[in-house]
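First up is the structure itself, then whatever we jot down about it.
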2 protein chains.
Amino acid sequence: MSDPQILIADRISAAMSSMTTSEKRVARVLLARYPAIGLESVTAFAEQAEVSAPTVLRFITKLGFGGYPDFRRALREEIDDSRKFPLTRPRPTKIDVGSDFGNELLEVVRATLGEIEPAVVDEVIELLADDRRSVNVLGGDLTKTVAGHLLYHLRKMRRAVFQLPAVNQERADRLIDLGKKDIVILFDVRRYQDDVVTTARIASQRGCTVILFTDQWMSEAAEVATHVFRAKVETSSPWDSLLGLAAIVETLALALDRRLWSVVRPRLEAVERYKINLTSRNKSPAGDKDQRSDGPDTAVFESRSKKPAV
Amino acid sequence: MSDPQILIADRISAAMSSMTTSEKRVARVLLARYPAIGLESVTAFAEQAEVSAPTVLRFITKLGFGGYPDFRRALREEIDDSRKFPLTRPRPTKIDVGSDFGNELLEVVRATLGEIEPAVVDEVIELLADDRRSVNVLGGDLTKTVAGHLLYHLRKMRRAVFQLPAVNQERADRLIDLGKKDIVILFDVRRYQDDVVTTARIASQRGCTVILFTDQWMSEAAEVATHVFRAKVETSSPWDSLLGLAAIVETLALALDRRLWSVVRPRLEAVERYKINLTSRNKSPAGDKDQRSDGPDTAVFESRSKKPAV
DNA sequence: GGCGATCTGTACAATCTATTACAGGATGTG
DNA sequence: CACATCCTGTAATAGATTGTACAGATCGCC
């Protein structure tokens, strides 16, 4: 038996460069449905990857296996091993991050997560889990991207999630409608923006719940915020890092998912159905079967031309 | 497809009472080396259990499967499910921030940075440092926020940085103008988007340099990309993490900053001057084209209002 | 100990699988 | 534009696998 420590998945990554186009497709499908698909027959595997059986065989050979049976045997052994030593699971990752900056980024995440107060998380999750409250998110110049990341997750999981307009006039129009039942989430890190701080003040005055994501030096908005998350943003780079904030966002996303799991699941499925209907032309909204449609769009973006055909 | 919730292992336990001696032996061996041994051939399985092949067949039939292939298919599906939806399993409702999931996020960053090839970084930096090339960035549903993060840094450091339109028609209008001198940067992670892949193909066909940010399973866009960055996105959370991609982006930002330091510094100072002019009313200084303003302020968001203002 | 019922293994046929050879097609080069 | 090279799919074949029929073995019971 071949070295049990080296995962087949890693072998694939390593050999990826010497793969042809079709073989890469095989690799991708294998990794995506690893390892189950490798345990099917060559024919079935080839069909899923939309290539011919010999292509799969060549791929397997390039990986260094003696043949398909040999490959499958290796997969089975790997499954067996992972059962036997679930804790000694091979950790193939290189310890060396490659650079000092890499370690700094790790430190940003570690320090940030270490500072999070679970109590604050719990309270915020409870607030976000409340369907009746609207959520209004605003980021600054640098932070609007993390704000977008939070928006993405919130929108997938609940209703009434809005982005506060970047343009002040529109934002003012919006703020006038907010009240006690509404949540305002702000991002403001160093080189703090006055308009964000002002927004916090107004929101607070109107009785909104104000949740602030800021850095270790704390935006002035913290004075009126009801909940504050502080992230480390400083590195040796002249550009502040968003990794800490993003880590908080993703932690919250997971927590909210757990809290709302029973609601989120059907919601996502419904969204998926709508998406399929939206991407298919003038169909009646019947299609519920999970067809991995290649989304017909504009002519220019015609679905993939995968048919060599003859 | 049989109910994915009921594990085959449970079915065995349930049917154990109606099993004969030899069949019980089969059951024991199967449970002991579950599920790997079930993926071998009947003959091999029978040998391990020290019974004959037909005995195994009868055992499988008693479990309610239509035949051995049917049984194996069920096993494979179980493996697939456990990989794809580790969340359909009963999950803990309590969150402990900063411990388990925190470590996973750290691992995402560490693994991603560990896989970066310095040579690719160098090449990409050289490309991005070239003022004459335009840079055109596009992200997918999830990744558009990281794409925004990259855009932020690039815009601060160089000219001709654009976001490719999300709407296909507009994007097509834009792509037609791109050529050999232009750089297209794409983000595409799992649940890959056909429109992004298609954009990659078109850009490649037009001779553009195509830089791809993807995940470990690699978007199909990789087939035509000239440079590929792979990030780890998978965690135990149902939501993929962007921390790895963000870490790459920030690493590139620092590298580009070092490379272009002498150019970037005066550029930033100039931007700062324009910004001040933009926020102060009715002055008349030099107007350049670069029009990414933070929006003109209105009365509500008057700048520099340092007072708490209760 | 003899009998019946149940269990189990052997042998073989039908089917499916992996593999190899080869030719058509794509790609790049001079 | 012709040539060479490299991919990739088709088709044929050798081999292995599943499933079944049947005969021998085992066990319990009278």
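The values are calculated or read from the model by the stated rules, or taken from the named source; none is laboratory data. Model, not experiment: these values are computed from the prediction. Methodologically, a virtual Cβ is constructed for each residue, glycine included, from the backbone with ideal geometry; neighbour enumeration extends over all protein chains shown. These area figures cover heavy atoms from the full protein model, side chains too; ligands, DNA and RNA do not enter into them. Shrake-Rupley method; radii C 1.70, N 1.55, O 1.52, S 1.80 Å.
Give the number of residues within segment A:70-83 that are open to solvent by 20 Å² or more (accessible area, probe 1.4 Å) and within 15 Å of DNA strand D (Cβ to nearest atom).
4
Considering only residues of segment A:54-63 that are within 13 Å of DNA strand D (Cβ to nearest atom) and β-branched (Val, Ile, Thr), which is nearest to the other protein chains (Cβ to nearest Cβ)?
Of everything passing the filter in segment A:54-63, A:Thr55 is nearest to the other protein chains (Cβ to nearest Cβ).
Spot the failing condition for B:Phe213; the list is (1) within 11 Å of chain A (Cβ to nearest Cβ); (2) closer than 27 Å to A:Ala14 by Cβ; (3) not hydroxyl-bearing (Ser, Thr, Tyr), and only one is missed.
B:Phe213 satisfies all of (1) within 11 Å of chain A (Cβ to nearest Cβ); (2) closer than 27 Å to A:Ala14 by Cβ; (3) not hydroxyl-bearing (Ser, Thr, Tyr) except (1).
Take the residues of segment A:127-148 that are under 19 Å from A:Trp261 (Cα atoms) and assigned to a helix (DSSP H, G or I): which is farthest from the other protein chains (Cβ to nearest Cβ)?
The selected residue is A:Leu127.
Quick one: A:Val196 ticks every box in (1) under 27 Å from the mean Cα position of the chain (by Cα); (2) closer than 13 Å to A:Val137 by Cα; (3) touching a residue at least 60 places away in the same chain (Cβ under 8 Å) except a single one, so which number is it?
(3) is the only condition that A:Val196 fails.
Please go through segment A:37-63 and give me each residue that is more than 8 Å from DNA strand C (Cβ to nearest atom), of a type in the set (A, V, I, L, M, F, W, C) and more than 21 Å from A:Ser18 (Cβ to Cβ), ordered by number.
Matches in segment A:37-63: A:Ile37, A:Leu39.
Report, by residue number, each residue of segment A:30-53 that is away from chain B (no Cβ under 11 Å), open to solvent by 30 Å² or more (accessible area, probe 1.4 Å) and in a helix (DSSP H, G or I).
A:Thr43, A:Glu47, A:Gln48, A:Ala53, listed by residue number.
Find the residue count for segment B:54-69, including only residues that are part of a helix (DSSP H, G or I) and either surrounded by 17 or more Cβ atoms within 10 Å (Cβ to Cβ) or not β-branched (Val, Ile, Thr) (or both).
Qualifying residue count for the region: 10.
Cβ contacts < 7 Å: first residue free of Cβ contacts under 8 Å to residues at least 40 places away in the same chain, restricted to segment B:153-173; second residue crowded, with 16+ Cβ neighbours inside 10 Å and of a type in the set (D, E, K, R), any location; separation 6+ or different chain. Result?
Matching pairs, first to second residue: B:Val161/B:Arg155; B:Leu164/B:Arg171; B:Leu164/B:Arg174; B:Pro165/B:Arg171; B:Pro165/B:Arg174; B:Asn168/A:Asp297; B:Asn168/B:Asp195.
Determine which single condition B:Val97 fails, assuming it passes every other condition in (1) at the interface with chain A (Cβ under 7 Å from one of its Cβ atoms); (2) open to solvent by less than 40 Å² (accessible area, probe 1.4 Å); (3) modelled with pLDDT of 85 or more.
All conditions are met except number (3).
Which one of B:Thr214, B:Thr251, B:Thr235 is touching a residue at least 12 places away in the same chain (Cβ under 8 Å), within 20 Å of B:Leu105 (Cα to Cα) and in a loop (DSSP other than H, G, I, E, B)?
B:Thr235 is the lone residue from the list that is touching a residue at least 12 places away in the same chain (Cβ under 8 Å), within 20 Å of B:Leu105 (Cα to Cα) and in a loop (DSSP other than H, G, I, E, B).
Just a yes or no: is a residue in segment A:227-234 crowded, with 24+ Cβ neighbours inside 10 Å and either small (Gly, Ala, Ser) or at the interface with chain B (Cβ under 10 Å from one of its Cβ atoms) (or both)?
Checked segment A:227-234: at least one residue is crowded, with 24+ Cβ neighbours inside 10 Å and either small (Gly, Ala, Ser) or at the interface with chain B (Cβ under 10 Å from one of its Cβ atoms) (or both).
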